1. Mind telling me which of the residues I114, I122 ends up being crowded, with 18+ Cβ neighbours inside 10 Å, more than 17 Å from the chain's Cα centre (by Cα) and within 12 Å of E166 (Cα to Cα)?
2. Determine whether segment 127-136 contains at least one residue that is more than 30 Å from I53 (Cα to Cα), loosely packed, with under 13 Cβ neighbours inside 10 Å and not hydroxyl-bearing (S, T, Y).
3. If you go through segment 244-267 one residue at a time, how many are outside any helix (DSSP H, G or I), surrounded by fewer than 16 Cβ atoms within 10 Å (Cβ to Cβ) and at negative phi?
4. Farther than 23 Å from L7 by Cα and surrounded by fewer than 22 Cβ atoms within 10 Å (Cβ to Cβ) - does that describe any residue in segment 302-312?
5. Given the conditions (1) closer than 30 Å to R251 by Cα; (2) of a type outside the set (S, T, Y); (3) touching a residue at least 40 places away in the same chain (Cβ under 8 Å), report the number of the one that V159 does not fulfil.
6. Go through L38, L103 for me and flag whichever is assigned by TED's automatic domain parsing to the domain that holds E257 and either over 20 Å from G141 (Cα atoms) or crowded, with 17+ Cβ neighbours inside 10 Å (or both).
7. Every residue in segment 295-315 that is farther than 30 Å from I178 by Cα and in a loop (DSSP other than H, G, I, E, B), please.
8. Looking only at residues that are among the aliphatic types (A, V, I, L, M) and in contact with a helix residue (DSSP H, G or I) (Cβ under 8 Å, 6 or more places away or on another chain) in segment 23-35, which one is surrounded by the most Cβ atoms within 10 Å (Cβ to Cβ)?
Amino acid sequence: MTTVYALHENPEWFPPFARAFEAEGVDVVEWLLTDGVLDLDSVPPEGIFWSRISASAHTRDHGLSKDYARSVLSWLEAHGRRTVNGRRVLELEMSKVDQLTALKAAGIDTPRTIAAVGRNRILEAAESFEAPFIVKHNQGGKGLGVRKFESHDELAEYVGSDGFEEPADGITLVQEFIQAAEPFITRAEIVGGRFVYAITADTARGGFQLCPADACAIDPHTGRPIMPPGATIAPEPDQQLFALRQNIDHRLVAQFEQFARLNNLEVCGIEFIETADGRVLTYDVNTNTNYNAAVEAVAPASAPRELVRYLKTLG
């Protein structure tokens, strides 16, 4: 088995994967893409290169990771190295516009969305939406910039205020507010183009920030669970926001598997909401997917182990 190089920027997210590599007897080298030197005349090592660079890297003071990863993946692929979630997939991770247009092209229903390029165009983008509606950052992750507005006047006040959150790429999405039939969203985990399992995430307590990694759950300063934007009930210590979902429409799963294969998404989590008015809307594609320990304890298969087993087939 050839060595796997894990390209990432957040060591706090890596321990579950490190344990899976050890359990499967596969050598892994962590390659932190926070800053560095890349000799374009050098030849990359032999191996499998798995990218899990996150769109939210800049929130961890890793603002260079996105472009460093672009450079490294371009270099690797120019030398014919096998990348998993490679250069094209990185662009999908960094842009919700990219995700939503790809989902729509695959015949998957998505929320109505208008992209505003520049802060001064947000009010114009929102004109055709009835309140309530939401805004979010195009380069997202961790619920970045997601806010619900009850009126256009409330939005105008926010956009004109010092508290406005500038998106990393200057693009803000205005999107219909989706009223869920039940207070949860579902995330389907896919590895190697195949469905592994699905989880539910409690939106009453989790709000718009639904990162399943254990490292996301606790405020490092207070030691208390984070009260995310959009939450209506404060989470309590040791309270699980995530659960294994048993019943999921196999036709939707087949759509997601097909979408992943069409877009060369070898590892991803795809999130959707079943709405109060009877729709099923898919709104997010995570290509640096994390897995929740409590769900893993009861899941029919371990997603990190399935990932490492898949990587073994590529070597």
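The values are calculated or read from the model by the stated rules, or taken from the named source; none is laboratory data. On a predicted model such as this, the values are computed, not experimentally measured, just so you know. Counting neighbours? That spans all protein chains shown, and the Cβs are built from the backbone with ideal geometry, glycine included.
1. I122
2. yes
3. Qualifying residue count for the region: 3.
4. No, every residue in segment 302-312 fails to be farther than 23 Å from L7 by Cα and surrounded by fewer than 22 Cβ atoms within 10 Å (Cβ to Cβ).
5. Single failed check for V159: (1).
6. Just one listed residue meets the conditions, L103.
7. Those that are farther than 30 Å from I178 by Cα and in a loop (DSSP other than H, G, I, E, B): P300, A301, S302, G315.
8. Among those that are among the aliphatic types (A, V, I, L, M) and in contact with a helix residue (DSSP H, G or I) (Cβ under 8 Å, 6 or more places away or on another chain), it is L33.
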